[in-house]
Amino acid sequence: MYEDLSLYIDGHFLKGGGRVEQDVLNPATGEVIGKLPHATREDLDLALASAQRAFESWRRSSPLERSKVLRRVGELARERAKQIGQNITLDEGKPLAEAVGEVLFCAEHAEWHAEEARRIYGRVIPPRSDGVRQLVLREPIGVCAAFSPWNFPFNQAIRKIAAAVGSGCTIVLKGPEDAPSAVVAIARLFHDAGLPPGCLNVVWGIPAEVSQYLIHSPIVRKISFTGSVAVGKQLAALAGSLMKRCTMELGGHAPAIVFEDADVERAADMLAPYKFRNAGQVCISPTRFYVHERAYDRFVARFLDKVKEIKVGSGLAPETKMGPLAHQRRVPAVAGFVEDADRRGAKVLAGGGPIDGPGNFFPPTVLADLPDDSRLMTEEPFGPLAGMVRFRTFEEVLKRANSLPFGLAAYAFTTSARNATAVSNGLEAGMVAINHLAMALAETPFGGVKESGYGSEGGAETFDGYLVTKFVTQL
Ligand code: NAD
């Protein structure tokens, strides 16, 4: 049974009532699997008012109480992971194991925030005069408006909610209309875990209209957005004009550098499945593969061997390793990158164009010898495309890797400590992984630099964007 889709406002699951409904499609078949109610203006006002009312008491709640709710959310997420994961596969398309894994992985996010919420400390500053006490307090910023995307619909939403709720804020979240089941499931988790009404509200609608309305509201004090750079800039500009704090987790275009001294086969074995995870619809997905000219042939041959093992199909089929693209509009968007590369004389080593038949299927595609100014090497493809190019020197590859306005994730493979240190110092990225791929763990900060955004989610930094600093001096 697919999720019973609804809004969640002031502790109530709402739908029907003459609200506009949007079809939710299964990207593997094109079939309608659900109807998503859009919030009316009155719904948005109610969500804002209930978040404001709830903030007045939640801001004073004990960290132990917040921690208890988040812990319970983690437990319930583990219990319900199979069902929630199945629904993610149905509306987002990723293979079932990846979808269930996403939910289980996020149980840890809830637990991490439960632990960190108990350690939101201020400090005491030694005074200049006897009898003066100087305190630095960290207080919740207020009502947050958050916008989470469809590619990791559970992960991206729960990180924002856990950070808001754990810090004593309340939140109105607009989830991804294309893949909404995970966010409704999250609302049920928090509801069942005992979060007081109004602390979390979930709304749906036309993204630009809802975000404009919520950001303009004087009730909202903080914005969190995960999505494309273009939309992030619009929302940040609006928030800036109203002097509201933002966390922006935007697109990436990750370089993966394979040095001559790398364990080349191991690098290819790791990078190929990682590239095509969630059909490449991952902001930290490696996309530009810079391979040393003396390692290039070996790396590419091994990478292609691994690509052949990636079975494309419905995410519900047990043998599937890569599902469809999440929605139809992504198919021509991804094909456009290949057409551009083709026109510029690149070689198509695997895949190349959409797979016929129902569903938004696009095969793992590997392109070689692309010019550095081709679309694939400069714009975020957000799809199953890997571009392979050669490099000669360290200085040259670092310059090329840093040449784009993006700065989210970067990867490097080398057995030289000197290269490893120099490349991690030199890469302009919020996250750098060397010789392995572990990113986005609950205990590690996740976020970008340059146009990939600002602010971190996860790690000890996770509450920073949700707290304001108050200095108190007392004689
Ligand atoms: P899109 O730019 O139309 O939408 C991206 C996300 O932003 C969606 O979740 C959408 O609902 C939301 N959105 C769009 N306009 C909005 C607005 N004005 N206010 C609030 N939310 C808004 O693109 P798309 O075709 O859905 O996705 C492809 C692009 O999105 C990719 O190029 C990628 O950069 C980006 N994206 C990034 C992430 C990430 O993790 N950083 C996740 C999903 C999508």
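Based on every Cα atom in the chain, Rg and the maximum pairwise Cα distance Dmax equal 22.9, 79 Å. Normalized C-alpha radius of gyration of region 293-345, against 2.2 N^0.38 Å? For region 293-345, the normalised Cα radius of gyration comes out at 1.50.
Computed on the Cα trace of region 350-475, the radius of gyration divided by the Kirkwood hydrodynamic radius gives Rg/Rh = 1.10. Mean projection of the Cα convex hull over all viewing directions, computed for region 336-406: 5.1 nm². Taking K and R as +1 and D and E as -1, what net charge do the other residues with C-beta under 10 Å from the C-beta of residue 226 add up to? After counting each charged neighbour, the total is 0.
Order these by the 10 Å Cβ neighbour count, fewest first: 406, 361.
Ordered by Cβ neighbours within 10 Å, fewest first: 361, 406.
Counting only Cα atoms, region 148-307 measures 59, 38, 28 Å along its principal axes, largest extent leading. Taking all Cα pairs closer than 8 Å and separated by 6 or more residues, the relative contact order of the chain comes to 18 percent. Beta bridges assigned by DSSP with both partners in the chain are antiparallel in approximately 40 percent of cases.
Could you pull out the pairs from 160/399; 399/450; 94/399; 35/174; 244/450; 35/94 whose alpha carbons sit more than 24 Å apart here? Beyond 24 Å: 160/399; 94/399. Compactness of region 254-442 is given as radius of gyration and Dmax, 15.7, 50 Å, from Cα positions. Put simply, when 439-448, 98-107 are sorted by average Cβ atoms within 10 angstrom per residue, most first, you get 98-107, 439-448.
Couplings 3J(HN,Hα) of region 317-327, computed from phi: 6, x, 7, 5, 10, 9, x, x, 5, 5, 8 Hz, in residue order, whole Hz [Karplus 6.51 cos²θ - 1.76 cosθ + 1.60, θ = phi - 60°; x for Gly and Pro]. Let a ≥ b ≥ c be the square roots of the eigenvalues of the Cα gyration tensor of region 266-361; is it rounded (a/c under 1.5), or, if not, prolate (a/b larger than b/c) or oblate? Verdict is oblate for region 266-361. Dividing the convex hull volume of the alpha carbon atoms of region 183-254 by its residue count gives 120 Å³ per residue. The local environment of residue 276, defined by Cβ-Cβ distances under 14 Å, has a net charge of +3 under the rule Lys, Arg +1 and Asp, Glu -1.
Ordering 12-25, 416-429, 455-468 by mean Cβ neighbour count within 10 Å, with the highest value first, yields 455-468, 416-429, 12-25. Candidate membrane-span-like segments in the chain, meaning DSSP H helices with Cα atoms spread over at least 15 Å of their own axis and a Kyte-Doolittle mean of 0.0 or above, are 96-116, 153-167, 181-192, 229-241, with no membrane implied.
Rounded to the nearest 20, the size of the Cβ-charge dipole of region 314-399 about its Cα centre is 80 debye, with Lys and Arg at +1 and Asp and Glu at -1.
Any read-out appearing in this document is the output of simple, stated calculations on the displayed coordinates, not a laboratory observation. Treat the numbers as computed from the prediction; the structure is a model and nothing was measured. With ideal geometry, Cβ positions are generated from the backbone for all residues, glycine too; neighbour counts draw on all protein chains shown.
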